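Participant: Below is the structure I would like to discuss, written out as structure tokens.
The values are calculated or read from the model by the stated rules, or taken from the named source; none is laboratory data. Fair warning: this is a prediction, and the values are worked out from it, not measured in the lab. In this analysis, Cβ positions are derived from the backbone assuming ideal geometry, glycine residues included, and neighbour counts consider all displayed protein chains. Side chains are part of the model used for accessible areas, which takes the heavy atoms of the whole protein and leaves out ligands, DNA and RNA. Shrake-Rupley method; radii C 1.70, N 1.55, O 1.52, S 1.80 Å.
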Amino acid sequence: MLHIIQNDPEVPPGSITDGLNIPYLLHHPYRDGRLPHVEDISALIVLGGAMGANDDFKHPFLVDLKQLIRQVVAAGTPYLGVCLGGQLLAAALGAKVVSSRWEEIGHFSAALTDEGRRDRLFAGIPPEFLTFQWHHDSFDIPAGGVLLASSAACPHQAFRVGGSAWGVQFHPEVTEDIIRCWCGWDRSTAARTEEFAAGFNANNDNYQAMVRQLTRNFLSTVIPRPSA
């Protein structure tokens, strides 16, 4: 079964789960500390959050989550990490996650690398595509990882480790409601709420097409587990 980890009450799966035609379980470890067992996972999506990937002291569940990510990668189970989820993938595999580096908030173009154009996660996605970004931290690429996408401000936008684990820095899941919620986190972004919402609505068709294709590509990597 597909499992989705929501790390923050204000960072839900959004449009990732819209129209999803397979069963999934959504977990809230920030609330109860509970995570799925690796043997029960056919695919794992880990979402973003306002915390950092190294904030283990403030958010103890991150320790167990990074251990689960290592187990998922070792098992070859498909993994998709979104923003913090991508940073957690990098951190779990020994790469640095750096605070206040390559920050982006708003709508930015990202471009696929040559490897990204060949990667199955980005099949059917244009070589240059619009993203919504909300991050202050950024990941280094783990040893053995492959850089798949970059932007002008943040050269590490997406990477793959092995054949089935991906981390992306951008937020394919956002909706207008999510963007409006996040804008309320800070006075400077609150002043730009209508700007960000208008930008999203003007490009909603492109955003929805991208998230559908990305999700479809990711789920195509899932090999159904045989029935007992």
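Participant: Can you give the relative contact order of the chain as a percent, counting alpha carbon pairs under 8 Å and 6+ residues apart? List each step's numbers first, then the result.
Facilitator: Values: 454 pairs, mean separation 46.3, N = 228.
After rounding, I find 20 percent.
Participant: With a 1.4 Å probe and all protein chains left in place, how much of the accessible area of the chain comes from carbon and sulfur atoms, in whole percent?
Facilitator: On the way: 5200 of 10200 Å².
Here carbon and sulfur together make up 51 percent of the probe-accessible area.
Participant: Taking the Cβ of Trp102 as the centre, find all other residues whose Cβ is under 13 Å away and add up their charges (Lys, Arg: +1; Asp, Glu: -1). Intermediate results must be reported in sequence, preceding the final value.
Facilitator: Numbers: positive: Lys96, Arg101; negative: Glu103, Glu104, Asp137, Asp140.
Net of charged neighbours comes to -2.
Participant: If you stretched the chain out fully between Glu115 and Ser220, how much longer would it get, using 0.36 nm times the residue separation minus the C-alpha to C-alpha distance?
Facilitator: Working: separation 105, 0.36 × 105 = 37.80 nm, distance 1.88 nm.
Extra length from Glu115 to Ser220 when fully extended: 35.9 nm.
Participant: Using a 1.4 Å probe, what is the accessible area per residue for region 95-228, in Å²? Walk me through the numbers on the way to the answer.
Facilitator: Details: 6330 Å² over 134 residues.
In whole numbers, region 95-228 has 47 Å² accessible per residue.
Participant: Candidates [x] 55, 37, 30; [y] 41, 38, 34; [z] 53, 39, 34; which is the computed Cα extents along the principal axes in Å?
Facilitator: [z]
Participant: So, one more: How much length would be gained if the chain were fully extended between Arg101 and Glu128, taking 0.36 nm per residue of separation minus their Cα-Cα distance, in nm to one decimal? Don't jump to the answer; show the numbers that get you there.
Facilitator: Values: separation 27, 0.36 × 27 = 9.72 nm, distance 2.24 nm.
Result: 7.5 nm gained on full extension.
Participant: Follow-up question, since we're still on this one. Cβ under 13 Å from Tyr24's Cβ, Tyr24 left aside: what net charge do those residues give with Lys, Arg +1 and Asp, Glu -1? Working shown, then result.
Facilitator: Working: positive: none; negative: Asp18, Asp40.
Local net charge: -2.
Participant: For the chain, which DSSP H helices look membrane-span-like by this rule: Cα extent along the axis of 18 Å or more and mean Kyte-Doolittle of at least 0.5?
Facilitator: On the way: long enough: 61-75 (21 Å, 1.07); 204-219 (22 Å, -0.86).
Both cut-offs are met by 61-75.
Participant: OK, next. Is the shape of region 30-164 rounded, prolate or oblate, going by the alpha carbon gyration tensor and its root eigenvalues a ≥ b ≥ c, with a/c under 1.5 for rounded and a/b larger than b/c for prolate? Numbers along the way, then the final one.
Facilitator: On the way: a/c = 1.90, a/b = 1.28, b/c = 1.48.
Oblate shape, in that a/c is at least 1.5 and b/c is the bigger or equal ratio.
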